[in-house]
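Participant: Below you'll find the structure I mean.
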Amino acid sequence: MENLASIRNLKSCVGQTVTLRGWVYNKRSSGKIRFLLLRDGSGIVQIVFVKNNVPEGTFEALDLLTQESSVIVTGKVREDARAKGGVELDGLKVETLQIAQEYPIGPKEHGPDFLLSNRHLWLRSTRPHAILQIRSRFVKAVRDFFDGDGFTLVDTPIFTPAACEGTTNLFETDYFGEKAYLSQSGQLYAEAASKAFGKVYCFGPTFRAEKSKTRRHLTEFWMIEPEVAFNDLEDNMKLAERFLEYTIQTVLKDCAEQLALLERDTTKLQNVRAPFPRISYNEAIDLLKQKGVPTEWGNDFGSPEETALAEHFDRPVFVHRFPAKIKAFYMKPDPTDPSLALGVDCLAPEGYGEIIGGGQREESYEALLQRLHEHGLAEANFDWYLDLRKYGSVPSAGFGLGVERTVAWICGLDHLREAAAFPRMIHRIKP
Ligand code: 4AD
Ligand code: MG
């Protein structure tokens, strides 16, 4: 068998003859030399073919290759200080698998609509490639953090009989003649699991029929949701800041190359260290007034308020104790002022806004039942959730972090859609 290699590892193969499998990224020729830029998913490398060193027919085959043609190339690895990965190949042999038709994505600028319609091909370009590698590394860091901290992963269902986060943005499906909804959040199930395992997290796709077109909303996004029995609001913030510090710093360390490709200035990300500042909603209202972004008490914060608040701090900030009437039914009211809920959002700097939403749950059966009624939610759909308050109810807290929002922030993206491989938005479901 030939010495199969991947471009990422070529540095350790200097002097060896290796075989690479991939796609033509670019090519050039000059007299008796052909330069082939090959990408294999792990990187890009230049292969130099010299007429006298290769079998007959090789140049003819090389000259037929188009951008994205698939090939198997054999060559000898040589150190080259000028090359990006520090190595080049002296080409010995090329085998063509398929000659690609004229590839629609070239070096010229393309509009976002065109690129999104060609997302299945666009993924091969260096920018999406870097972003999705960062996402992959971030997700691994997320799992490593919770797995290493005594959490059990419990996957929660996607078909659900009831709403977790209000009824305005539910996706309804026909479930054998009954109504079912795509999950907006795994939280209610994670709460049940936390009474079985203590510390749990769920991680999966969640769905919201967001009818407005914004840079911060997708209709399908991935959410990581830890839930911990016996935790209160303060414990929840401590967990969230420790978690963000670990995951962000890990990505900065391991994805320096990808972040450089994106030309991301990481100075502010280096600051993501616990503890984060904490301000109450009431304090936030005062701060917004000072900053000339007056907001009426009782309103939820939108993008302008979140950006203004986050600008005031050098790292992510927690805003806690929101007006209860703008928060979900399951939030526990603040015992010292029941008009406030023990909820918390974490706002990212640089205009990225809310990346985490969570809080302490109502643990009393009677209070939860009353909240369900106030929110016009059918008790029958939540009987199992109410059970958790009947059989050994304890304080409980957790949060949800949106993966695309966080990746957009890490990468410095203008829009969330680039943080998903195949983003789902109000006007886009293809490819
Ligand atoms: O604040 P949210 O709605 O909180 C919950 O769903 C809780 N049940 C979580 C919990 O306590 N277990 O959503 C959590 C996070 C937001 O902070 C945001 O990062 C992300 O999910 N998010 C979205 N991301 C992309 N597109 C959307 N339409 C999003 N809606 C929320
Ligand atoms: Mg929220």
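The values are calculated or read from the model by the stated rules, or taken from the named source; none is laboratory data. Worth saying up front: this structure is predicted, and the values here are computed from it rather than measured. Don't worry about glycine lacking a Cβ; one is built from the backbone with ideal geometry, like all the others, and counts go over all protein chains shown. Note: accessible area is taken over every heavy atom of the protein model, side chains too, but ligands, DNA and RNA are not part of it. Shrake-Rupley method; radii C 1.70, N 1.55, O 1.52, S 1.80 Å.
Participant: Report the gain in length on full extension from Lys289 to Ser364: 0.36 nm times residue separation, minus Cα-Cα distance, nm rounded to one decimal.
Facilitator: Working it through step by step, the gained length comes to 23.4 nm.
Participant: Further, regarding this structure: How big is the antiparallel share of DSSP beta bridges in the chain, given as a percent to the nearest 5?
Facilitator: Here the share of antiparallel DSSP bridges comes out near 90 percent.
Participant: What's the extension gain from Ala256 to Asp387 if we count 0.36 nm per residue and subtract their Cα-Cα distance?
Facilitator: Stretched out fully, the Ala256 to Asp387 stretch lengthens by 42.4 nm.
Participant: Taking +1 at the Cβ of each Lys and Arg and -1 at the Cβ of each Asp and Glu, which of Ser339, Pro349, Ala83 sits farthest along the dipole of the chain towards its positive end, judged by Cα position relative to the Cα centre?
Facilitator: Looking along the dipole axis, the top candidate is Ala83.
Participant: Then there's this: For the chain, max minus min Cα coordinate along each principal axis, in Å, sorted largest first?
Facilitator: For the chain, the Cα extents along the three principal axes come out at 86, 54, 40 Å.
Participant: Return the whole-Å distance between the Cα centroid of the range 62-87 and the Cα centroid of the range 110-124.
Facilitator: 25 Å
Participant: A further question on this structure: Given a 1.4 Å probe, how much area per residue of the chain is accessible, in Å²?
Facilitator: Solvent-accessible surface per residue comes out at 48 Å².
Participant: Please report, as a whole percent, how much of the solvent-accessible surface of the chain comes from carbon and sulfur atoms (probe radius 1.4 Å).
Facilitator: Details: 10630 of 20630 Å².
It is 52 percent, rounded to a whole number.
Participant: Remind me, what semi-axes does the range 111-255 give for its equivalent ellipsoid, largest first in whole Å, using sqrt of 5 times each Cα gyration tensor eigenvalue?
Facilitator: Computed over the range 111-255, the values are 27, 25, 13 Å.
Participant: Once every Cα of the range 276-431 carries one equal point scatterer and solvent is ignored, give the base-10 log of I(q)/I(0) from the Debye formula at q = 0.13, 0.14, 0.15 Å⁻¹, two decimals.
Facilitator: Log10 I(q)/I(0), no solvent term: -0.73, -0.82, -0.91.
Participant: Still on this structure: Among the listed pairs Lys76/Lys108; Lys76/Lys140; Lys27/Lys76, which are separated by more than 27 Å between their Cα atoms? Before the final figure, lay out the partial values.
Facilitator: Numbers: Lys76/Lys108 33 Å; Lys76/Lys140 34 Å; Lys27/Lys76 18 Å.
Distance filter (> 27 Å) returns Lys76/Lys108; Lys76/Lys140.
Participant: Right, here's the next one. Could you give the dipole magnitude of the chain about its Cα centre, charging the beta-carbon of Lys and Arg +1 and that of Asp and Glu -1, in debye to the nearest 20?
Facilitator: 1640 debye
Participant: In whole angstrom, how long is each semi-axis of the equivalent ellipsoid of the range 7-98, when you take the square root of 5 times every eigenvalue of its Cα gyration tensor and sort them from largest down?
Facilitator: Semi-axis lengths for the range 7-98 are 19, 15, 12 Å.
Participant: Translational D (Stokes-Einstein, µm²/s) of the range 213-321 at 20 °C and 1.002 mPa s when Rh comes from the Kirkwood sum over C-alpha pairs?
Facilitator: Result for D is 132 µm²/s.
Participant: Then there is this: Along each principal axis of its Cα atoms, how long is the range 328-388 end to end? Whole angstroms, biggest number first, please.
Facilitator: Computed over the range 328-388, the largest-to-smallest principal extents equal 43, 27, 20 Å.
Participant: Just to confirm my numbers, what's the Cα centroid distance between the range 356-374 and the range 251-295 in Å?
Facilitator: If we compute the Cα centre of each part, the gap is 30 Å.
Participant: Next question. For the range 291-331, what is the Kirkwood estimate of the hydrodynamic radius, computed as the reciprocal of the mean inverse distance between distinct Cα atoms, to one decimal in Å?
Facilitator: By the Kirkwood definition, the hydrodynamic radius is 11.7 Å.
Participant: Between Ala421 and Thr336, how high is the FRET efficiency from 1/(1 + (r/R0)^6) when r is the Cβ-Cβ distance and R₀ = 51 Å? Nearest 0.05. Numbers along the way, then the final one.
Facilitator: Working: r = 46 Å, r/R0 = 0.89.
Efficiency computed from Cβ-Cβ geometry: 0.65.
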